[in-house]
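Here is the structure we will look at, set down as structure tokens.
The values are calculated or read from the model by the stated rules, or taken from the named source; none is laboratory data. Computed from a prediction, not measured in an experiment: that's the story for all the values here. All Cβ positions, even for glycine, are placed from backbone atoms using ideal geometry, and neighbour counts span all protein chains on display.
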Amino acid sequence: MFSTSALVVLTTLLTVFTPADAVWPQPQNLQTGTTPLKLSGSFDITISGSIHNAPSDLHQAVQDAKNFIKNDKLERLVVGRGSADSAAVKGAHTLSKLTLSLEKGAAVNSITSEAQKAPDLRDEAYTLTVPADGTGASITANSTLGLYRGLTTFTQLFFYHDGTTYLLNAPIQIEDSPAYPWRGLLLDTSRNFFPVGDLKRTLDAMSWNKMNQFHWHIVDSQSFPLQVPGYTELAAKGAYDSASVYSPKDVADVVSYAGARGIDVMVEVDTPGHTAVISQAHPEHIACAEATPWASFANEPPAGQLRLASPATTQFTSGLLAAVAKMFPSSLFSTGGDEINANCYTQDEETQKALNSTGQTFEQALDTFTQATHKAIRNVGKTPVVWEEMVLDHNVTLGNDTLVLVWISSDNVKAVVEKGFKLVHAASDYFYLDCGGGGWVGANPAGNSWCDPFKTWQHSYSFNPIANLTDDEAKLIMGGQHLLWAEQSGPQNLDPIVWPRAAASAELFWSNPSSGNISTAVDTALPRLHEHSYRMRQRGVNTINLQPEWCALRPGACDLTA
Amino acid sequence: MARSRIWQYFVLSVYAAISIPGILCLWPMPRSLKAGTTSLVLSTSFSIDLQVQDAPEDLQQAITRTQSYLRNDNLGRLVVGRGTSDLGLLQGAKELQSLRVTLSNEAGKARSISSEATAPLGSRSEEYSLVIPSAGSTATLIANSTLGLFRGLTTFEQLWYTAGEATYTLEAPIRIIDSPAFPYRGLMLDTARNFFPVSDIKRTLDAMSWAKINQFHWHVTDSQSFPLEILGFTEVAAKGAYSNSIYSPEDVKDIVSYAGARGIDVVVEIDTPGHTASIHESHPEHIACYDSSPWMTFTNEPMAGQLRFASAATTNFTAGLIEATARMFPSSLFSTGGDEVNLPCYQLDVETQRILNATGQTLQQKLEMFVQTLHGGLKGLGKTPIVWEDLILTHNVTVSNDTIVMVWSSSSAAEGIAAKNLQIVHAPSDYFYLDCGAGEWIGADPDGNSWCDPFKTWQRAYIFDPYENLTESHQHLVLGGEQVLWSEQSGPQNLDSIIWPRAAASAEVFWTGPTLPDGTPRNVQSALPRLYDLRFRMVQRGVDAIPLQPLWCALRPGACDLMDAVKVPSPHDR
């Protein structure tokens, strides 16, 4: 009597709480069943013989996937954790094989080279099938990059309990591809330095979220950690110390680590602002270097900007940017262009002299400077990327293929696309990971974060990438990214401040959930995000708790209206 | 050419004079301090000469740790060049060979640091005197107690920088006479919303001891989980803990002894009658409105469930549980909580209403009986009760006049507690809550924000005035204060980074008091460079304290201040 009713309750619970899957980002097209399937002890992933000379990064990706499946040991987030599934899994069929194959006629390139193509040329689509009867699973794609995305999905299908790795929802049929070609993360390594090991861990975590664009804001006014061939004096004098430097070898290491994980590394050398530290090696190129009070000359200390009206400085900058661009295989290069302080140039005698001698206005000089630097990077095959001020605040001539990052406010998106530029969402009101950390400027106890409040994963996730845009304007949206400006960050809080929050934009721009009802989307996403976050933690990334574990084990129980 | 050289010389001497404005490195700042400008190097054969008969083991271990920190901190001075420019000043500097450590009063056997640290609040002696001559002769540390010696050792460790092979100070002779302004300097950690393994707690205790924090307020259980295994009540954790997330009695002993050896008293909190839903898992008979929905009607956060305190059986059970818990902790203090009692929960609880009707008593009367019963039990064990402000201010419960009240809802609530002549520990959310500003954690609420937004920066905590709104006659009621981490959005993953170095701010507020040794008011400007030193030392010692600013600022004291008010020239400026 009693046991029968208990069984009924158990069945009901399973129906309610069994997630369709724990994949993040949610595949575009997903069909699942209700049949449990165990992973065979001899489970293996093979690359189909039709892929001749499979690239080494694909072999490595297969090995990594096998390791994750073996070591994740993620117990499902339900009351009782994995033990809740013991009965269901007992006697299930076993899965012993996954085969990767490319579509007929597809080129066999490395994941790296596919990932480093221009954003709209990347093919990340894949098909994943897991039959319910234990016969082989398969992933097919048009590119090795697509196979890599499929492998990432596959590793997220499994849970673990008491020596058994299993899933509950076979058969599984997934057809997947990203809604947007740019799903990124910006890291600022200048305000505070991050060793290569931290960058690699971040790239790993990005890859588990199918993020494909690492936006490396590598230098700024505070320090110049990049060792640039031909310009080594900049890091020698501008890095925090000799240990806080990225050598060309480090860069190659980071780029190749990223590439093998389906991530393109776009470097940013922000100009003409955010360059005070260049004065350490080249005082002749910097106006108002460390001028005080800093608040009159910069948005944050120290002041100092490239003397853009000077032909010598323009030539120096163009050479520097070209040299940096050659270090990165990406098709993209960001020349920055945010937060130019006009007062700095008004007060700079050299700049005023240069303007007087040419008869140019400041805006004309900025145009000349920007055209020169963009020409320099185009000469080495790069498409320029700029911050929104270059389009909205200044009268600068930009090639119409230039990508524009909107950061000040999502309200500015419309104005940028109205000018016909391709756009990447990076708005502070949705995607800044540093907001809400309080004021960091000294002697200011009442100071608050300029972009308070903290941007929760829910807030980011509720962003609508095409709000107020016409269909034609919407076509200009390339995607978006979370950003970490590092004034108050370092290796000590890198993982907890980025993860799992940055996963929100990864799913937003892969799965496009906001096409439906957003509060429903947030509600159904949370259990998957918990699971994803716990999985990332199993893999060594210190993702923070989004809620008390009590809530994580009871989907919906801690919702506002529960 | 010549002109420029003279100019450089001039700037250099100005720089040298300004950049060493007394001791930059100590946190919290001692009450009384005199320092010189003579360089002094720690001898490679430096030793600590412990002149205490039958020195307790925890004091001997503290000295071993001090020696290890002196060897391994390896902290370069936070200036451009990280102290390499100091090497010239160290040529021919005298060497300090030893530190002699003695008790001022050798009457009787020295007690352990642990037993001194867990003594009642008013009876602890943390005072010490530390003298470091500039001539290289022996330094001396004297105190009335081993606890005082431990505080002095902590100060001694912070005096030294490393450049090249040298461990040195530029500020000998140094003379410090020090004691805390307030007896209670705490940190609260909630281990119920999310669990923290013992090693995380130990690392936190280490970091606390470096800032001379002496009270670990352990909010060990709550509605979400009950991780404490209590003798005689083991079913509560067995059923109420998250899986594999239990503090056994051995774990508690381990934590208490680790804390004690570091001069820290562990005051445990079993929050009652609210914040107890997890007891339902083992004792449904004692919990009203368990898991009722919508949760918002019955509790401030999910899940609902409170002790049915009107019931004699529940009161009895709770008193027993609290006494059993109290026996696990040597502290003279015990917190029975008492915050956020939800009244609709009891109004809708049939059992509670039945009892009230049967006895003819009001809920308020029952609550008072409940609290008095728990507190009576604690007093029987020699413990002083601590409660959250709500019991006094919201529910008007009569408590004994030695009860300590923690203020949390707002700093302005202290006044009402003082008006009742009760002792106060400041833990106000508007200054000291470490979790504020991290956004909404309740699900399906994309526009929600942290209820106590914004983030409380170290600067904000640092300007807290313990006597704000209190009359002079009430000031003696303030025992101190603590920063607080509620862990809905925290876990081992961000424990260090959300606490440190912020929680050091209140440590100095309550150790140093309102003025610096030179008589000037304590202020965020002069504090920041010292706080940086502590932060970098913490990182060197394995605690993930976060950067407060870009490193550029850390190396240039004052340069990133709002008004550049104390901009200090640095070699970099030339």
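General remarks:
- Candidates B:MET296, B:MET369: the one that is within 14 Å of chain A (Cβ to nearest Cβ) and either assigned to a helix (DSSP H, G or I) or at pLDDT 95 or above (or both) is B:MET296.
- Selection within region A:271-295 - in contact (Cβ under 8 Å) with a residue 40 or more places away in the chain, on the phi < 0 side of the Ramachandran plot, more than 10 Å from chain B (Cβ to nearest Cβ) and not hydrophobic (A, V, I, L, M, F, W, C): A:THR271, A:PRO272, A:GLY273, A:THR275, A:HIS282
- Selection of region B:498-525 for residues being touching a residue at least 12 places away in the same chain (Cβ under 8 Å), surrounded by fewer than 24 Cβ atoms within 10 Å (Cβ to Cβ), among the polar types (S, T, N, Q) and within 14 Å of another protein chain (Cβ to nearest Cβ) yields only B:GLN525.
- Those residues of region B:303-334 which are within 14 Å of chain A (Cβ to nearest Cβ) and modelled with pLDDT of 95 or more, in sequence order: B:ALA304, B:GLY305
- Residue identified as surrounded by 15 or more Cβ atoms within 10 Å (Cβ to Cβ) and acidic (Asp, Glu) among B:GLU95, B:GLU127: B:GLU127
- Residue satisfying condition, being assigned to a loop (DSSP other than H, G, I, E, B), surrounded by fewer than 18 Cβ atoms within 10 Å (Cβ to Cβ) and among the charged types (D, E, K, R), within set A:LYS104, A:LYS66, A:LYS97: A:LYS104
- Pick from region B:399-448, criterion among the β-branched types (Val, Ile, Thr) and in contact with a Phe, Trp or Tyr (Cβ under 9 Å, 6 or more places away or on another chain), ranking: nearest to A:SER449 (Cα to Cα): B:VAL407
- Residue within region A:422-430 that is crowded, with 20+ Cβ neighbours inside 10 Å, under 21 Å from B:GLY437 (Cα atoms) and within 14 Å of another protein chain (Cβ to nearest Cβ) present: yes
- Residues that are assigned to a helix (DSSP H, G or I), in contact (Cβ under 8 Å) with a residue 60 or more places away in the chain and among the β-branched types (Val, Ile, Thr) within region B:309-358 comprise B:THR325, B:THR352, listed in sequence order.
- Residue among A:GLY146, A:GLY91, A:GLY150 that is modelled with pLDDT under 95 and away from every other protein chain (no Cβ under 14 Å): A:GLY91
- Test: residue in region A:235-252 that is among the polar types (S, T, N, Q) and touching a Gly at 6+ places or on another chain (Cβ under 8 Å): no
- Taking every residue in region B:543-564 that is more than 7 Å from every other protein chain (Cβ to nearest Cβ) and of a type in the set (Val, Ile, Thr) and pairing it with any residue that is surrounded by fewer than 23 Cβ atoms within 10 Å (Cβ to Cβ) and part of a loop (DSSP other than H, G, I, E, B), at least 6 positions away or on another chain, the pairs with Cβ-Cβ distances below 9 Å are B:VAL543/A:GLN492.
- Qualifying residue in region A:334-356 (condition: more than 27 Å from B:PRO557 (Cα to Cα), crowded, with 24+ Cβ neighbours inside 10 Å and not hydroxyl-bearing (Ser, Thr, Tyr)): yes
- Only a single criterion out of (1) among the aromatic types (Phe, Trp, Tyr); (2) assigned to a helix (DSSP H, G or I); (3) within 14 Å of chain B (Cβ to nearest Cβ) is not satisfied by A:PHE224, namely (2).
- Residue in region A:508-523 that is nearest to the other protein chains (Cβ to nearest Cβ), counting only those that are out of contact with any helix residue (DSSP H, G or I) (no Cβ under 7 Å at 6 or more places or on another chain), in a helix (DSSP H, G or I) and polar (S, T, N, Q): A:SER519
- Wholly within region A:444-507, helices (runs of 4 or more DSSP H) carrying at least 2 residues that are within 14 Å of chain B (Cβ to nearest Cβ) and either of a type in the set (A, V, I, L, M) or buried (at least 19 other Cβ atoms within 10 Å of the Cβ) (or both): A:457-461, A:494-498
- Sole residue being under 17 Å from the mean Cα position of the chain (by Cα) and more than 21 Å from A:LEU508 (Cα to Cα), chosen from A:ARG183, A:ARG201: A:ARG201
- Residue selected from region A:536-562 under the condition in a helix (DSSP H, G or I), touching a residue at least 24 places away in the same chain (Cβ under 8 Å) and over 18 Å from the mean Cα position of the chain (by Cα), by the criterion nearest to the other protein chains (Cβ to nearest Cβ): A:ALA552
- The set of residues in region B:429-453 being crowded, with 20+ Cβ neighbours inside 10 Å and within 7 Å of chain A (Cβ to nearest Cβ) consists of B:GLY437, B:ALA438, B:GLY439, B:GLU440, B:TRP441, B:ILE442, B:GLY443, B:ALA444, B:ASP445, B:PRO446, B:SER450.
- Qualifying residues in region B:469-488 (those that are within 14 Å of chain A (Cβ to nearest Cβ) and more than 25 Å from B:ARG124 (Cβ to Cβ)) - the one surrounded by the most Cβ atoms within 10 Å (Cβ to Cβ): B:SER487
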